[in-house]
Amino acid sequence: MAELNTGGKKATPRVDMTPMVDLMFLLVTFFILTTSISTPQAMDIVKPDKDDNNKDNRLELKASKTMTILLGKNDKVAWYMGEAGATAPTYENLSQVEKSIIENRKVADASGVKGEFVVLVKPTSGSNFKNFVDIMDELEILKVKVRQIDDDNILDSEKESMKSQGIL
Amino acid sequence: MPRIKVKRTSTVTDMTAMCDVAALLLTFFILTATAKQPEPLAVSTPSSTYEFKVPVENNAILTIGQGKVFFEVAGQKVKARTLELIGQQYNISFTPEEVKKFSLVASFGVPVSGLKSFLALDGGERMKPGVQTGIPTDSTDNQLNSWVLQARTATAEVNSQPMRVSIKGDSKEEYPVVKKIIDVLQKQKVNKFLLVTNAEARRK
């Protein structure tokens, strides 16, 4: 059989690997970045126990150190200090409430009344899940230690005032 | 002046070894990476600055989106045991094959009555829109309650650890829908939840 002769000189089998290495490292980088980002984070939430017979479930709050934040429609919130109806609620965007929390905490801490500064979060039917997560996140960032979630006892007066502002 | 003779070396280095290393790393990452399970109910979770990883074991994830709720409990053994317990509760006997199939299903949202026909479908058909309608949560037929309860029992039996409940809600989901699910859990005295969120850089 006649063999094909492609010239007397043999071509060197050496191949430039540089582009291949580049590609490999690109893929490696891609995999490292995508795997670390895709692990979801979680937020620890504790809701008050619904058992009314348990006396430990009743927490006494100081009116002057309690801030109630109502979550409404269109990323709006209404907040007031103390008891409902005692002071007129302030209406704000959710993004602005951070400042109000800081100010209220300052005033509450300066008042000299015993007890921790408490934030009561009341998500209403107008709010969405993101609003709720945002406000809980905000409280975590501001290190508000005592925070309560209450979605059962939204007072009629609170509903009325929110409706009048068109955020419920 | 005498000149110092600099020996010129070739700048071409052998890249083969480097290529081998890169290929090895690549293989390692591909193999260790957990493939992302296709989700029947796609939700975009809100972001938060919390730095707490969702537990891989002893965890049940409730996915809430479009007014529907989907359920998943972590661990194949736990899944299998949960299905057996559900079968006992609703007087449906599942074949070992069906139990095995179920232990591989990730998140699902079908009523218990439709579970057998759902398991008979293959993976691609399960993901079609309209197949999974969500788990019923009405007060007359609260199957979500049963699922969570049986998953807790199964986790306690298999891993002898308490089960955590994670809620993976869509950002746009209205709060009353979320509240309804949380109320179901609170009836079982589950007062602690994990809300699944995306990582967000902490503002300073």
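Computed values, structure above
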item: Extreme residue, farthest from the other protein chains (Cβ to nearest Cβ), among residues of region A:143-162 that are surrounded by 13 or more Cβ atoms within 10 Å (Cβ to Cβ) and without any contact (Cβ under 8 Å) to a residue 40 or more places away in the chain; result: A:V146
item: Region B:165-183, subset more than 9 Å from chain A (Cβ to nearest Cβ) and surrounded by 18 or more Cβ atoms within 10 Å (Cβ to Cβ), residue nearest to B:V54 (Cα to Cα); result: B:V165
item: Selection status of A:S64, modelled with pLDDT under 80 and either within 27 Å of A:D156 (Cα to Cα) or surrounded by 16 or more Cβ atoms within 10 Å (Cβ to Cβ) (or both); result: yes
item: Search result, residues across region A:40-60 that are surrounded by 10 or more Cβ atoms within 10 Å (Cβ to Cβ) and at pLDDT 65 or above; result: A:P40, A:Q41, A:A42, A:M43, A:D44, A:I45, A:V46, A:K47, A:P48, A:D49, A:K50, A:D51
item: Residue in region A:116-128 that is among the charged types (D, E, K, R) and assigned to a strand (DSSP E or B) present; result: yes
item: Count of residues meeting criterion [touching a Ser or Thr at 6+ places or on another chain (Cβ under 9 Å) and loosely packed, with under 11 Cβ neighbours inside 10 Å] in region A:67-110; result: 1
item: Spans of helices (runs of 4 or more DSSP H) in region B:1-113 with at least 1 residues surrounded by 20 or more Cβ atoms within 10 Å (Cβ to Cβ) and aliphatic (A, V, I, L, M); result: B:16-32, B:76-90
item: Restricting region B:48-80 to residues that are out of contact with any Ser or Thr (no Cβ under 6 Å at 6 or more places or on another chain), small (G, A, S) and touching a residue at least 60 places away in the same chain (Cβ under 8 Å), the residue that is farthest from B:P136 (Cα to Cα); result: B:G75
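Quick grid of which residues meet (1) touching a Phe, Trp or Tyr at 6+ places or on another chain (Cβ under 9 Å); (2) of a type in the set (D, E, K, R); (3) away from chain B (no Cβ under 14 Å):
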site	(1), (2), (3)
A:A78	yes, no, yes
A:M81	no, no, yes
A:A86	yes, no, yes
A:P89	yes, no, yes
A:A108	yes, no, yes
A:G115	no, no, yes
A:N131	yes, no, no
A:Q165	yes, no, yes
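The values are calculated or read from the model by the stated rules, or taken from the named source; none is laboratory data. Keep in mind it's a predicted model, so treat the numbers as computed, not measured. With ideal geometry, Cβ positions are generated from the backbone for all residues, glycine too; neighbour counts draw on all protein chains shown.
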